[in-house]
1. How long are the three semi-axes of the equivalent ellipsoid of the range 1-120, in whole Å, if each is the root of 5 times an eigenvalue of the C-alpha gyration tensor, listed from largest down?
2. Tilt of helix 306-329 relative to the longest C-alpha principal axis of the chain, in degrees (0 to 90, nearest 10)?
3. How big is the Cα convex hull of the range 219-338 in projection, averaged over all directions, in nm²?
4. Only bridges whose two residues both fall in the chain count here: according to DSSP, what percent of them are antiparallel, nearest 5?
5. I want to verify a result. In a Gaussian network model of the chain, Cα cutoff 10 Å, which of these has the top mean-square fluctuation: VAL226, VAL326, VAL287?
6. Run the 1.4 Å probe and let me know the accessible area of ARG320, rounded to the nearest 10 Å².
7. Determine ³J(HN,Hα), in whole Hz, for all residues of the range 62-74 in sequence, where each value follows from phi through the Karplus function 6.51 cos²θ - 1.76 cosθ + 1.60 and θ = phi - 60°; x replaces Gly and Pro.
8. By how many degrees, 0 to 90 and rounded to 10, does the Cα axis of helix 197-208 deviate from the longest principal axis of the chain?
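The values are calculated or read from the model by the stated rules, or taken from the named source; none is laboratory data. Remember, predicted model here, so these are calculated numbers, not experimental data. Methodologically, a virtual Cβ is constructed for each residue, glycine included, from the backbone with ideal geometry; neighbour enumeration extends over all protein chains shown. We work out accessible area using only protein heavy atoms, side chains counted, and drop any ligands, DNA or RNA first. Shrake-Rupley method; radii C 1.70, N 1.55, O 1.52, S 1.80 Å.
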Amino acid sequence: MLQSRLAFIGGGNMAEAILGGLLACGYPLSQCVVTEPLQARCEFLHSKYPGLQVLSGPQANHLAVNGSESVSYTAALVDNGSVHVNPTAGSESFPPAEVVILAVKPQVLRGVVSDLGKTLHQRKPLVISIAAGIETSAIARFMAEGASSESGSEATAAAPVQVQDKDLPPVIRVMPNTPALVNEGATGLYATPDTTPSQRLVAESLLGAVSKQVSWVDQESLIDTVTGISGSGPAYFFLMMEAMEDAAVKLGMDRETAKELTIQTCLGAAKMAQSSSDDLKTLRVKVTSPQGTTDAAIKTFERGGFRDLVAESVKAADSRSKSLAVELCGSSSKDSKL
């Protein structure tokens, strides 16, 4: 696995899942730094991953991306309250980040990226975003806003410096799902055209540490479809299993037995689908004997409009992902040009 210097901006569950997966694959802890605003979460990460560099404070994100030239440089930031560090992060210098993973909530992404705009513009690391609903053009716009507004002596109120797309780092937008927390994720990725093959490989390696399936899409709009299938998909299966468990209980089975049988049935069917060369329709037909018990259940599903309901549900998730981009960015990023 390629071992780039990583900066996780945000230390929540998904960031921790990726970090944990990488460490389990032998990724060096010394190549990772995490920023996190919540002190309790910082302490948790530091205690769970001894030696991990965990930063918080107003300048934590900048330090994580820029790196620390010396112990005295970090100490100065700590002394003036700009950065709070754990003992490891404060006792050594560390290089700039080659990959920046944006793992904050979509609602705060604009502020975080705008604040980092000048730093990202100067360093040009690979930027990977796992924020749901935020398109790459919006992320580029946020970076440009920050870089342009912070250009200092190079800009005046009358003639601010305008940062163009070509001057910004490449962005890869990813949509993982919650099974990544148990290293069984499915992830969709979209890369901006300026992303190099080696940078795409880096992203694949990072997400592959927690995902059994990593798939690229060539149109960013298909990330919304990924959201509708695998991003939101675990909840569909939980609902199906919940309904099966409830049905068994109504027929007289105790809940624990019903739950165990349902979960193993779901797991077994998924493993069969993974290992078989047959398509999903063929697998279904093979286990559906005419006039048998499975046939009776499948016909009931079909009469109830099961396929249409699934299609409508996936489309609803896809549409909601698109509308989130408008709500969170103020306008569709497709309509915004730098």
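1. Values: eigenvalues 72, 59, 41 Å².
Its equivalent ellipsoid spans semi-axes of 19, 17, 14 Å.
2. 10
3. 10.6
4. Working: 7 of 30 bridges.
Percent antiparallel among DSSP bridges in the chain is about 25.
5. VAL287
6. 110
7. 5, 5, 4, 7, 6, x, 10, 5, 7, 4, 5, 5, 4
8. Taking the Cα atoms of the chain, the angle to 197-208 is about 60 degrees.
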